[in-house]
Amino acid sequence: MLATSIQNIHNKIRGLSPYPAAWTELHQGEAAPMSLKIFETEKVFTPHSLKPGTIVTDKKTYFHIASTDGFLRVLSLQLAGKFMAENWYLVLL
């Protein structure tokens with residue numbers, strides 16, 4: 001899905017929020033993938049050379065996912081089966 005423009009991805013997430021919500025998986029090394037619901041995003045049109053799907057975060061204030069023409073800033077998400085965490089970016093990484 002991230003091999004498309006951030007405008008298209010952002011619109012799909014908006015269209016699926018709050019129910020049934022947009023789903024994705026976070027893969028970290030050898031650990032089992034974590035399912036995530038994404039409820040709210042912002043578009044960040046910044047040129048980069050990262051592979052689509054790459055996560056960029058400072059683990060404190062922002063969580064960006066690279067796409068073909070910029071980044072998707074995740075504002076609201078939930079781990080599958082969990083309540084929405086206030087500091088969700090610390091839970092993930």
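Heavy-atom accessible area of residue 13 with all protein chains present, probe 1.4 Å, nearest 10 Å²?
Per-residue accessible area (residue 13): approximately 0 Å².
How much length would be gained if the chain were fully extended between residue 82 and residue 45, taking 0.36 nm per residue of separation minus their Cα-Cα distance, in nm to one decimal?
Working: separation 37, 0.36 × 37 = 13.32 nm, distance 3.09 nm.
This chain segment gains 10.2 nm when fully extended.
In nm, give the distance between the simple-model label positions of residue 27 and residue 54, each being 7 Å from the Cα along the Cα-to-Cβ direction.
For residue 27 paired with residue 54, the spin-label model returns 1.6 nm.
What residues have an amide H closer than 5 Å to that of residue 54, excluding those fewer than 5 places away on the same chain, when H is modeled at 1.01 Å from N in the peptide plane?
66
For the range 10-64, just say rounded, prolate or oblate: build the C-alpha gyration tensor, square-root its eigenvalues into a ≥ b ≥ c, call rounded for a/c under 1.5, and beyond that prolate if a/b exceeds b/c, oblate if not. Don't skip to the answer; put the middle values down first.
Working: a/c = 1.81, a/b = 1.11, b/c = 1.64.
Verdict is oblate for the range 10-64.
Name the chymotrypsin sites (Phe, Trp or Tyr not before Pro) in the range 1-46 that are in a loop by DSSP and that have at most 12 other C-beta atoms within 10 Å, would you?
On the way: sites: 23, 39, 45; in loops: 45.
Filter output for the range 1-46: 45.
The values are calculated or read from the model by the stated rules, or taken from the named source; none is laboratory data. Only a predicted model underlies this, so the values are computations on that prediction, with no experimental measurement involved. Using ideal geometry, Cβ is built from the backbone for each residue, glycine included, and neighbour counts are taken over all protein chains shown. Ligands, DNA and RNA are stripped out before the accessible areas are found, and what is left, the full protein with its side chains, is counted by its heavy atoms. Shrake-Rupley method; radii C 1.70, N 1.55, O 1.52, S 1.80 Å.
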